[in-house]
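The values are calculated or read from the model by the stated rules, or taken from the named source; none is laboratory data. Because the structure is predicted, anything quoted here is derived from the model rather than measured. Cβ: placed from backbone, ideal geometry, glycine included. Neighbour counts: every protein chain shown.
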Amino acid sequence: MSEFFILKPFERKRLCYGRFQSATRPLEWARGATLAVDVVAASDIPPYDLAMRDGWAVSSRDDHRDIDEVSLLNGTLPEPLKRGRARWINTGGMIPIGCDAVIAAASPDDRAAARQAVASERHVLRRGADRRRGEVILRKGTRLGVRETALLSEACIEEVQVSRTPRILILATGSEITMGPKNPVACRRASNAVYLQALLDAAGIERSRIVRLPDDADEIARALERRDGIDLIVSIGGTGRGTHDLTRRAIAAAGGTVIEGTGDVKGAPPFVLADLGGTPLVGLPGNPLGAVMIIQRVLLPMLEEDFGLTLPRREVVDATLACDADIDAEGDLCVTLDRNEEGRLVATPVRKGSCRTRLFAVEAGTVRVKPRSLRAGETVPVERFFN
């Protein structure tokens with residue numbers, strides 16, 4: 001038996017619970033949300049010809065220019081510029097009729113600059129140069145970060161339609177699990193659940209809740225029955241075949257149906273997927289390596305595919321293997337990433353039984369492998385975990 005956990009490829013059934021209804025939010029409250037529809041420009045951007053620099057508004061065809069003593073004020077409709085005249089304009093000011101260029105200058109005191117030769121269109125941004133009315137600014141599925149929010153603000157977008165993020169219940173099962181600050185002897189922290197909740201928060205899903213439960217099938221079943229308003233349940237622990245692995249029993253007691261997952265069928269995926277009267281459940285193993293791998297390679301893609309969320313594209317980097325590894329199956333191998341003294345990325349395969357501290361202390365990712373012997377010094381492509 002291999003000393004490495006390989007997440008083998010499998011064909012997962014789609015949950016098919018549809019997309020969530022969208023909600024309209026003010027732009028200032030929408031950062032982190034995902035657009036439910038394309039956002040199009042309601043008008044040309046910019047909406048008028050404007051100056052890109054402080055300086056003198058002029059006609060490039062003039063051989064001689066006199067100074068207009070009245071400056072162009074931003075936010076006002078300017079009078080046409082007469083031939084042979086130069087008028088001070090600030091950045092963002094509306095270009096007057098008769099002007100086709102701006103001569104950059106530090107202040108209105110630099111009158112000599114107004115008489116310089118200049119090319120037509122110099123420091124002028126024409127109406128609609130960035131976007132035309134009706135043109136798509138951001139596509140459906142775009143997650144609104146700082147840059148996207150600023151772009152929409154520049155386009156005078158005040159409200160956006162965003163996808164409602166799912167409400168997720170995380171059940172941390174196991175009598176040895178505690179969430180409190182003081183751990184009794186022989187108890188563990190629910191760090192798998194905290195890890196998942198932090199990832200969901202980073203992905204823009206802020207409405208998740210952790211509930212700790214002991215190894216009691218009836219109590220777990222009662223928690224599953226209290227699912228009103230919940231869009232997805234993720235249980236952690238109890239997916240194996242031991243006497244205290246109670247996830248399947250609790251699902252049945254709560255009136256649910258196991259769709260697929262760990263069982264007696266060889267090659268079944270190492271997690272449980274169930275339906276609880278229209279509410280999907282994903283059961284993860286309590287083993288930290290298995291839980292982290294399935295969260296990263298199954299649960300997060302599931303949220304994208306079945307719930308319409310958009311997560312950042314995962315980066316693939318080349319790294320040097322730190323040690324030999326005999327691989328006996330095809331699938332994804334978990335590796336940690338660190339840099340050596342030369343600053344090069346080094347990938348270290350994670351062995352079964354590795355503690356949570358090792359997994360959570362450093363960056364990690366996966367390498368797609370086939371049955372063969374990997375050798376130290378090989379260069380392998382590593383797909384980084386979402387973090």
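In the stretch 153-167, what residues are under 29 Å from L199 (Cβ atoms) and not charged (D, E, K, R)? Correct list: S153, V160, Q161, V162, S163, T165, P166. Would a scan of the stretch 69-92 turn up a residue that is of a type in the set (S, T, N, Q) and in contact with a Gly (Cβ under 7 Å, 6 or more places away or on another chain)? Yes, that holds for at least one residue. Kindly check whether there is at least one residue in the stretch 224-236 that is of a type in the set (D, E), touching a residue at least 12 places away in the same chain (Cβ under 8 Å) and out of contact with any Asp or Glu (no Cβ under 8 Å at 6 or more places or on another chain). Checked the stretch 224-236: at least one residue is of a type in the set (D, E), touching a residue at least 12 places away in the same chain (Cβ under 8 Å) and out of contact with any Asp or Glu (no Cβ under 8 Å at 6 or more places or on another chain).
Limited to the stretch 70-97, what total is found for residues that are in contact with a Phe, Trp or Tyr (Cβ under 9 Å, 6 or more places away or on another chain) and under 16 Å from P108 (Cβ atoms)? Of the residues in the stretch 70-97, 7 are in contact with a Phe, Trp or Tyr (Cβ under 9 Å, 6 or more places away or on another chain) and under 16 Å from P108 (Cβ atoms).
For W29, the criteria (1) modelled with pLDDT of 90 or more; (2) outside the structural domain of A117 (by TED's automatic domain parsing) hold in every case but one, which is (1).
Being among the hydroxyl-bearing types (S, T, Y) and free of Cβ contacts under 8 Å to residues at least 40 places away in the same chain holds for only one residue in T366, T320, T348, T379, and it is T348.
Yes or no, residue by residue, for (1) in contact with a His (Cβ under 6 Å, 6 or more places away or on another chain); (2) within 30 Å of R189 (Cα to Cα); (3) surrounded by 13 or more Cβ atoms within 10 Å (Cβ to Cβ):
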{"site": "G290", "(1), (2), (3)": "no, yes, yes"}
{"site": "L300", "(1), (2), (3)": "no, yes, yes"}
{"site": "L311", "(1), (2), (3)": "no, yes, yes"}
{"site": "I327", "(1), (2), (3)": "no, no, yes"}
{"site": "R339", "(1), (2), (3)": "no, yes, no"}
{"site": "R344", "(1), (2), (3)": "no, no, no"}
{"site": "T379", "(1), (2), (3)": "no, no, no"}
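Looking at the stretch 250-290, the strands (runs of 3 or more DSSP E) lying wholly inside it that each contain 3 or more residues that are modelled with pLDDT of 90 or more and closer than 23 Å to D332 by Cβ sit at 279-284. None of K82, K140 is at pLDDT below 95 and either in the same structural domain as V37 (by TED's automatic domain parsing) or surrounded by 17 or more Cβ atoms within 10 Å (Cβ to Cβ) (or both) except K140. Annotation: of all residues in the stretch 44-84 being under 21 Å from A112 (Cα atoms) and among the small types (G, A, S), the one that is nearest to the chain's Cα centre (by Cα) is A51. The number of residues in the stretch 146-158 that are surrounded by 13 or more Cβ atoms within 10 Å (Cβ to Cβ) and either farther than 22 Å from L50 by Cα or among the aromatic types (F, W, Y) (or both) comes to 2. When A57 is tested against (1) hydrophobic (A, V, I, L, M, F, W, C); (2) touching a Pro at 6+ places or on another chain (Cβ under 7 Å); (3) assigned to a loop (DSSP other than H, G, I, E, B), just one condition goes unmet, and that condition is (3).
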